[in-house]
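Structure first, commentary second.
Laboratory data are not the source of any read-out in this text; all were calculated from the coordinates shown. Keep in mind the model is a prediction, meaning the values are calculated, not measured. We place every Cβ from the backbone using ideal geometry, glycine too, and count neighbours over all the protein chains shown.
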Amino acid sequence: MTLAERIDPKKIEAIVEASKETIGEPAPAAPEVPAYTVEPLAAEANIEAFAAVDLRVGKVLAAARVKGSDKLLQLTIDLGPLGQRNIFSGIAASYAPEQLVGKHVVVFANLKPRKMRFGVSEGMVLASGAKDDAITVLELDARSLPGEKIS
């Protein structure tokens with residue numbers, strides 16, 4: 001009595017090849033349509049337009065709510081050898097101040113300072129999100145060094 005027969009690899013290969021002919025190529029999957037919308041792309045820009053923007057790694061040293069504003073947090077950002085910056089960011093509905101301290105973020109470092117009612121903002125922390133309560137700050141790995149150029 002034989003419990004099992006040895007399978008010939010050539011027979012298996014022939015069966016697989018034959019099944020390819022009958023099945024055919026799989027149909028490409030239809031792209032998924034997101035359940036949300038985003039703003040359309042801006043006009044195309046050349047690389048020189050991007051070169052004018054100086055993005056740097058910033059480490060959040062301190063964060064506090066701004067009295068008299070529901071939207072703003074005041075951030076003290078360390079840019080390493082480039083010094084510290086005071087930046088007002090409209091992310092208060094998405095972040096408690098203590099959530100940001102110690103994070104490495106992307107800073108638009110050569111943005112012209114802007115005088116605001118609460119003080120001078122010396123840059124911009126980059127973030128995404130269409131609604132005030134759904135903003136996500138662009139975070140970098142903790143191995144990045146404050147002041148490093150982002151390209």
Next item on the list: Give me the pairs, please: first residue somewhere in segment 120-146 and farther than 28 Å from PRO81 by Cβ and without any contact (Cβ under 8 Å) to a residue 60 or more places away in the chain, second residue anywhere and assigned to a strand (DSSP E or B) and acidic (Asp, Glu), beta-carbon distance under 6 Å, and either six or more positions apart or on two chains.
Entry: none
Checklist line | Filtered residues of segment 115-144 (kept if over 12 Å from the mean Cα position of the chain (by Cα), within 11 Å of VAL105 (Cα to Cα) and exposed (fewer than 13 other Cβ atoms within 10 Å of the Cβ)) | finding: ALA142
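Could you identify the single residue in GLY80, GLY68 that is under 28 Å from SER144 (Cβ atoms) and in contact (Cβ under 8 Å) with a residue 12 or more places away in the chain?
Step by step, each of GLY80, GLY68 is checked, and only GLY80 is under 28 Å from SER144 (Cβ atoms) and in contact (Cβ under 8 Å) with a residue 12 or more places away in the chain.
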